[in-house]
Structure formats: C-alpha cells, structure tokens
1. Just want to confirm a number: the relative contact order over segment 6-172, from Cα pairs under 8 angstrom separated by 6+ residues, in percent.
2. Based only on other Cβ atoms within 10 Å, what is the fewest-to-most ordering of 125, 107?
3. Express the C-alpha Rg of segment 1-54 as a ratio against the empirical globular expectation 2.2 N^0.38 Å, rounded to two decimals.
4. Kindly express, to the nearest 10 degrees and within the range 0 to 90, the angle between helix 250-268's C-alpha long axis and the longest C-alpha principal axis of the chain.
5. Counting every Cα pair in segment 151-304, what percent are over 29 Å apart?
6. What do you get for Rg/Rh of segment 99-171 when both radii come from the Cα atoms and Rh is the Kirkwood radius?
7. Could you check what % of the DSSP bridge pairs in the chain are antiparallel, to the nearest 5?
8. What's the angle, to the nearest 10 degrees (0 to 90), between helix 155-168's Cα axis and the longest principal axis of the chain?
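Each reported figure results from applying straightforward, stated rules to the coordinates on display, with no laboratory input. What you are looking at is a predicted structure, and each value in this text was computed from that prediction instead of being measured. When we count neighbours, we look across all protein chains shown, and the Cβ atoms used for this are built from the backbone with ideal geometry, even at glycine.
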C-alpha cells in the first residue's frame, strides 16, 4: 500500500530471503501493489512492483503497515485489493499483516471472529472499526485460521521467524536468526524466549556446532562422549566450555530442547502424552510428566 513503513516491509523480507539464499528454503519473493510504483512513509520510492499477481493456495501474503490509524487505513485499500485478498485467503493462502496492515485485513472482511492484534496505540480503534474481530492486547503476533497479525515494526521479524519455523523447522529458523544477529527471539503469545536462541549469545564455534547437532537430534540419546565427538574436543573440555558459553550443562540444554518440542506438541496437537514423550525424547509418559511438572509446576494437561 502507499506510505508503507520500510521496516515493516524489509524485516520479514530479510528473514525469508536469508532462508532461501543461504539455506535453500523454498521461497520466491514477489513485491506487489495496485500500481508499479509507490512512495514509502520514509519518502523512498519503490518501483517495478507487480500488479497483484495470480498466486496459489500455498502462498503467504504479507500486508505491511503504513503508520496510518485503522480508520485512515480504510482509504488505502482500493476495490481491487479487497477481492484479491479475499479470493487468495479462501483459496488456501495464509494472510499476514504488520502493524496497521491489520486494518487492511479488516477491510477485506478477514477478521470476523478472528483473534488479531496491531500496534498498541491502535488496539482500541481497531476493535471499534471491526467489532466482530477479537482484538488481543499484550502479544507480539497472533495466528488464527491462516490469519497472522503482528503488533508492528520489529515484531514483524518475530512473526516472520515463527512462520519460517512452521515451514522449515526450528533449526533453520534459529540459523536465520543467527545470520541476522537476533539472539533473543521473542514468541507471540508466550513470554518465554525460544531455547533454540536463548543460549546462543556467544562466539564459541565448537559450542554452536554441538548446539546445532542437539537441535537436529532432540529425541535421540546423547552422551557427553557423543557431543565431544561432534565438537571435536575432549569430554572435559566440552563440559567446561559449554558451561562457560551458556551457563548450563549440555544435559540441561538437551532437556530444555526436549521441553520446547514437547510444549509445542502439547499446546498445538491432540497427540497423547505417550506419543509426545516419544517424539520429544522423554521415553515414556511418566518421565515426561515428572520433568514437565518440575519445570512448569503444573501437569501437561493444564496447558491443553
């Protein structure tokens, strides 16, 4: 849309472009609008844009914000864009927005009975403009039936990393975040930081290599000898270096990775606890319940 905020556009673009160029993620980026050239809010012109191309149901459409309020944004969505968004969403495409771009989804009638969010200063106005939407406060991004909305500006990067993780897995998302020097990745609805990045703010390549291996083999057993072989060092040196770099032991880190996988499965699937225990490497449901309760203070069933 005209007056697009550059960071709203560039942040997610950098995430998906890095994933495609460096890690072979299956993304093709298209930049489209209703005209071949628009002027950004920062007075930089964007040219040679595609005119609302034909896309398929596997696509992701991202609508960046403009800085305009929801009521002002109504005038930015023309009659050509509205049916284009509707048709592609109903054909299976995911539709995401950043900041005030959420209002464009409202104008396209995509927020009816959908949980959504926007920049904090527009939350009340968004709810007033689209009373059937379920506007959520205090979150960075929200996903509801293929509609993904984010709070604005830098949170668009967090949203893009989450979308990348859904497509390509946590390892690629973590690698892209590291390439972008984002060591503390924020999650949408939960306050905790992803363990895949929480212990990565160091420069020890040996420890990064071990962490990468553990992330790829979460459900498998891993002895200190196994990890020392991966890091090409001795067990004693690895144990000392790992603790110095991360503040925890390799065993503790592996356990946190397993808990993160299990947490996602508990909250987002209907798998049995036995199946979740197997997939996350806990062996059986009894051990899984014990570790979960020790970490969270509640049984897994409380998170479903």
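1. 22 percent
2. Ordered by Cβ neighbours within 10 Å, fewest first: 125, 107.
3. Dividing the Cα radius of gyration by 2.2 N^0.38 Å gives 1.23.
4. In the chain, helix 250-268 runs at an angle near 40 degrees to the longest axis.
5. The calculated P(r) of segment 151-304 puts 19 percent of pairs beyond 29 Å.
6. 0.98
7. Given both bridge residues lie in the chain, the antiparallel proportion sits at roughly 35 percent.
8. Taking the Cα atoms of the chain, the angle to 155-168 is about 60 degrees.
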